[in-house]
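J.: What follows is a structure written as structure tokens; I'll ask about it next.
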Amino acid sequence: MASGEVISHIAGSPGANAGVPAGADLAGSGALRFVQVSESHIGFRGPANMDVAGSFTEAINQVNSLGFRPDFVMHSGDLTHLSTAGQFDQVKQMMSKMKTDRVFTVPGEHDSIGDAGRAYRRTFGMGTLGDGWYSFDTHGVHFIALVNTLSLEKLGHLGNDQIDFVRRDVAGLSSDTPIVVFSHIPLFAMYPQWGWSTDDALKVIALLRRFSSVTCLNGHVHQLFTKTEGNITFHSATTTAYPLPKPGRAPAPTPQVVPARQLKEALGIRSVGYRQGDRELAIKDQRLA
């Protein structure tokens, strides 16, 4: 945020500082700053990344080297690859090394293999409702964390209980309250052929239409993507594990092997800033390379 203008860019990209006045304070006094990480897939081992723990450690080090202490870090799912107790314990221990006040999570489909998410909730579900959904407030922003990975046919699914939770949760909020929604699978139809959508998301979106600023942050697709529909902006995050193909450019969304020494170009984290009085959040995606 500089001189009243929201500026988003990939760190290190050409023109990254275009339009930013010299010496501008992008964070701002009293700003909310948090980090999103996604798709660590602890337990995965294959040609696409033979050391996912190592690349996730690099992402954690990057979080700790941002030059500010994030108000919180959100992991938007697929913490593990096979949802074993050992993998959950490993990723929890790794995330405990992040220099932040709080760590939040939502589960990915890889975090609920074979047990409908029970192992995930034993490790990360304390204080959550239902199958792991919850909300919280900080710095004048209302955050909603949703679970859309448990009733998979092909697409993500929220279910009536969770939609009713959102309805009750936002009922008393002023329409000028900024809303940020976290989910693993996108809440928009990014590519339904691969399951990159949530079949009942429109019921939640309808509940959020009256708010002037809504930002939905998701993982699952292992790549950056942004879409705006009216007052709602959707941002898909990249991964700390391995890339997936762009929609429709491969027979299926399987891990992609990139040329040697180029993997870190496809991996990264996201930092998000908000200052009260602004309508939009400033999104900054940073590569591990």
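J.: If you go through the stretch 88-106 one residue at a time, do you hit one that is within 27 Å of residue 169 (Cβ to Cβ), over 15 Å from the mean Cα position of the chain (by Cα) and modelled with pLDDT under 95?
T.: Yes, that holds for at least one residue.
J.: Whether any residue in the stretch 253-264 is in a helix (DSSP H, G or I) and crowded, with 22+ Cβ neighbours inside 10 Å is what I want to check.
T.: Looking through the stretch 253-264, none of the residues is in a helix (DSSP H, G or I) and crowded, with 22+ Cβ neighbours inside 10 Å.
J.: Here is a further query. Restricting the first residue to the stretch 132-146 and requiring it to be assigned to a loop (DSSP other than H, G, I, E, B), which pairs with a second residue that is surrounded by fewer than 19 Cβ atoms within 10 Å (Cβ to Cβ) and of a type in the set (Ser, Thr, Tyr) meet a Cβ separation below 9 Å and a spacing of at least six or different chains?
T.: That search, which allows pairs on different chains as well, returns 140/177.
J.: Could I ask something else about it? Looking at the stretch 239-252, which of its residues are over 23 Å from residue 50 (Cβ atoms) and either out of contact with any strand residue (DSSP E or B) (no Cβ under 8 Å at 6 or more places or on another chain) or open to solvent by less than 30 Å² (accessible area, probe 1.4 Å) (or both)?
T.: 246, 249, 251
J.: Out of the residues in the stretch 191-211 meeting the condition of being in contact with a Ser or Thr (Cβ under 8 Å, 6 or more places away or on another chain) and not polar (S, T, N, Q), tell me which one is surrounded by the most Cβ atoms within 10 Å (Cβ to Cβ).
T.: Of all residues in the stretch 191-211, those in contact with a Ser or Thr (Cβ under 8 Å, 6 or more places away or on another chain) come to 191, 198, 210-211.
In the following step, the residues that additionally are not polar (S, T, N, Q) were identified as 191, 210-211.
Values: 191: 15, 210: 12, 211: 18.
That would be 211.
J.: Here's another thing I want to ask about it. So, of the residues in the stretch 225-238 that are open to solvent by less than 50 Å² (accessible area, probe 1.4 Å) and among the hydrophobic types (A, V, I, L, M, F, W, C), which turns out to be nearest to residue 73 (Cα to Cα)?
T.: Result: 237.
J.: Identify, by number, the condition in (1) modelled with pLDDT of 95 or more; (2) under 23 Å from residue 71 (Cα atoms) that residue 209 doesn't meet.
T.: (2)
J.: Continuing with the same structure: Please verify whether the stretch 109-126 includes one or more residues that are in a loop (DSSP other than H, G, I, E, B), open to solvent by 20 Å² or more (accessible area, probe 1.4 Å), modelled with pLDDT under 95 and closer than 18 Å to residue 40 by Cα.
T.: Within the stretch 109-126, the subset in a loop (DSSP other than H, G, I, E, B) is 112-117, 125-126.
Pick out the ones that are also open to solvent by 20 Å² or more (accessible area, probe 1.4 Å) and you get 113-116, 126.
Narrowing further to those that are modelled with pLDDT under 95: 113-116, 126.
Pick out the ones that are also closer than 18 Å to residue 40 by Cα and you get 113.
Yes, the stretch 109-126 contains at least one residue that is in a loop (DSSP other than H, G, I, E, B), open to solvent by 20 Å² or more (accessible area, probe 1.4 Å), modelled with pLDDT under 95 and closer than 18 Å to residue 40 by Cα.
J.: Taking the stretch 40-73 only, how many residues are part of a loop (DSSP other than H, G, I, E, B), small (Gly, Ala, Ser) and within 22 Å of residue 271 (Cβ to Cβ)?
T.: Total meeting the criteria: 3.
J.: Note down all Cβ pairs under 9 Å where the first residue falls in the stretch 52-76 and is under 24 Å from residue 221 (Cβ atoms), the second is open to solvent by 40 Å² or more (accessible area, probe 1.4 Å) and of a type in the set (S, T, N, Q), and they're at least six residues apart or on different chains.
T.: That search, which allows pairs on different chains as well, returns 53/90.
J.: Separate question: Out of the residues in the stretch 174-218 meeting the condition of being in contact with a Lys or Arg (Cβ under 8 Å, 6 or more places away or on another chain) and in a helix (DSSP H, G or I), tell me which one is nearest to residue 268 (Cα to Cα).
T.: 192
J.: Go through (1) under 16 Å from the mean Cα position of the chain (by Cα); (2) in a strand (DSSP E or B) one by one and return the number of the condition residue 221 breaks.
T.: (2)
J.: Out of (1) surrounded by 19 or more Cβ atoms within 10 Å (Cβ to Cβ); (2) at pLDDT 95 or above, what's the single condition that is false for residue 155?
T.: (2)
J.: If you don't mind, another one. Scanning the stretch 186-218 for residues that are in contact (Cβ under 8 Å) with a residue 60 or more places away in the chain and within 15 Å of the chain's Cα centre (by Cα), which turns out farthest from residue 238 (Cα to Cα)?
T.: The qualifying residue farthest from residue 238 (Cα to Cα) is 215.
J.: Given the conditions (1) in contact (Cβ under 8 Å) with a residue 12 or more places away in the chain; (2) more than 26 Å from residue 51 (Cα to Cα), which single one is not true for residue 236?
T.: (2)
J.: Of everything in the stretch 244-268, what is among the hydrophobic types (A, V, I, L, M, F, W, C) and touching a Lys or Arg at 6+ places or on another chain (Cβ under 9 Å)? Give them in sequence order. Quick ask: steps written out before the conclusion?
T.: Here is the first cut: in the stretch 244-268, the residues among the hydrophobic types (A, V, I, L, M, F, W, C) are 244, 250, 252, 257-258, 260, 263, 266-267.
Hits for the stretch 244-268 are 266, 267.
J.: Further question on the same structure: Just one of 59, 53 is of a type in the set (A, V, I, L, M, F, W, C), surrounded by 21 or more Cβ atoms within 10 Å (Cβ to Cβ), at pLDDT 95 or above and farther than 23 Å from residue 140 by Cα; which is it?
T.: So the residue among 59, 53 that is of a type in the set (A, V, I, L, M, F, W, C), surrounded by 21 or more Cβ atoms within 10 Å (Cβ to Cβ), at pLDDT 95 or above and farther than 23 Å from residue 140 by Cα is 59.
The values are calculated or read from the model by the stated rules, or taken from the named source; none is laboratory data. Keep in mind that what you see is a predicted model, and the values were worked out from it rather than measured. Using ideal geometry, Cβ is built from the backbone for each residue, glycine included, and neighbour counts are taken over all protein chains shown. Heads up: the accessible areas ignore ligands, DNA and RNA and are worked out on the full protein's heavy atoms, side chains in. Shrake-Rupley method; radii C 1.70, N 1.55, O 1.52, S 1.80 Å.
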